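The values are calculated or read from the model by the stated rules, or taken from the named source; none is laboratory data. Computed from a predicted model, the values in this text were never measured in an experiment. Quick reminder, even Gly has a Cβ in these numbers, built from the backbone with ideal geometry, and neighbours come from all protein chains shown. Areas reflect the complete protein model, heavy atoms only, side chains present, ligands, DNA and RNA absent. Shrake-Rupley method; radii C 1.70, N 1.55, O 1.52, S 1.80 Å.
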Amino acid sequence: MQMIRLLYISTARAPLLSAELDGILRVSRRNNRAVGVTGLLVVGGRRFLQALEGPEAAVVATFERIRADPRHFAVVILGRSTITERQFGDWSMGYQPGAALGVEASVAADVQALIAPIDDPVVHAYFHQFALQHAA
Ligand SMILES: Cc1cc2nc3c(=O)[nH]c(=O)nc-3n(C[C@H](O)[C@H](O)[C@H](O)COP(=O)(O)O)c2cc1C
């Protein structure tokens, strides 16, 4: 079965409360585990950067559901590629809270640690830049 990785960015309609983010993560981890999707979600202010990877059909179905979620908008795909190995295999959905939770000073360092094992240079660069932008 062909695997793909999809990377997108989006903007929350309104700043999300941490309880709402917790809810999204709980549902995401349950759903993703059931269909073999893994990934990483980084939140910086109202911006989301998320990577989804796994069997193509599962990633596409998951992404179409996420794209239709009214809690965010301006969903833009930054990259989609066929992969042979996962980069986020340990996480049904890894998560790094950003400025929304008031820990902005440590976001860059925390994201650097999370993305250190990512060997796809494009994916790595997007997360790196995102962390820098939301660190101030
Ligand atoms: C930024 C963002 C990221 C999300 N990521 C996922 C995800 O990785 N997997 C998932 O199943 N749902 C994710 N969701 C939630 C979906 O949009 C949708 O609410 C959910 O999949 C519905 O699941 P349910 O039918 O089991 O209630 C995300 C939502 C947002 C706003």
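Which of the residues that make up the range 30-60 are more than 10 Å from the ligand (Cβ to nearest atom), at pLDDT below 95 and open to solvent by 10 Å² or more (accessible area, probe 1.4 Å)?
Gly45, Arg46
Checking Ala19 against (1) free of Cβ contacts under 8 Å to residues at least 12 places away in the same chain; (2) within 9 Å of the ligand (Cβ to nearest atom), which single condition isn't satisfied?
That leaves (2) as the condition not met.
So, Ala57, is that one farther than 23 Å from Leu114 by Cα and not in a helix (DSSP H, G or I) or not? Even if it seems obvious, please write down each step before you answer.
Values: farther than 23 Å from Leu114 by Cα: yes; not in a helix (DSSP H, G or I): no.
Spelling it out, it is not the case that Ala57 is farther than 23 Å from Leu114 by Cα and not in a helix (DSSP H, G or I).
Based on this model, can you work out whether Val27 counts as near the ligand (Cβ under 8 Å from one of its atoms) and in a helix (DSSP H, G or I)?
Working: near the ligand (Cβ under 8 Å from one of its atoms): yes; in a helix (DSSP H, G or I): yes.
Yes, satisfied.
Taking only the range 2-23 into account, find how many residues are open to solvent by 60 Å² or more (accessible area, probe 1.4 Å), modelled with pLDDT under 95 and either closer than 29 Å to Pro121 by Cα or not charged (D, E, K, R) (or both).
3
Within the range 99-110, identify whether any single residue is under 20 Å from Ser28 (Cβ atoms), modelled with pLDDT under 85 and not in a helix (DSSP H, G or I), and answer yes or no.
There is no residue in the range 99-110 that is under 20 Å from Ser28 (Cβ atoms), modelled with pLDDT under 85 and not in a helix (DSSP H, G or I).
Would you please name the residue that is nearest to the ligand (Cβ to nearest atom), looking only at residues in the range 75-88 that are polar (S, T, N, Q) and either farther than 26 Å from Pro117 by Cβ or in a strand (DSSP E or B) (or both)? Please lay out each step first, then the result.
Filtering the range 75-88 down to residues polar (S, T, N, Q) leaves 81-82, 84, 87.
Next, only the ones that are either farther than 26 Å from Pro117 by Cβ or in a strand (DSSP E or B) (or both) stay: 81-82.
Working: Ser81: 18, Thr82: 20 Å.
Of everything passing the filter in the range 75-88, Ser81 is nearest to the ligand (Cβ to nearest atom).
Taking the range 60-74, which residues are touching a residue at least 12 places away in the same chain (Cβ under 8 Å) and in a loop (DSSP other than H, G, I, E, B)?
Those that are touching a residue at least 12 places away in the same chain (Cβ under 8 Å) and in a loop (DSSP other than H, G, I, E, B): Pro70, Arg71.
If you check Phe63 against the conditions, is it closer than 24 Å to Pro15 by Cβ, surrounded by fewer than 21 Cβ atoms within 10 Å (Cβ to Cβ) and among the aromatic types (Phe, Trp, Tyr)?
Values: closer than 24 Å to Pro15 by Cβ: yes; surrounded by fewer than 21 Cβ atoms within 10 Å (Cβ to Cβ): yes; among the aromatic types (Phe, Trp, Tyr): yes.
So Phe63 passes the test.
Among all residue pairs at least 6 apart or on different chains, which show Cβ distances below 8 Å where the first residue, located in the range 107-131, is free of Cβ contacts under 8 Å to residues at least 12 places away in the same chain and the second is crowded, with 16+ Cβ neighbours inside 10 Å and not in a helix (DSSP H, G or I)?
Listed by first residue and then by second, the contacts come to His124/Ile118.
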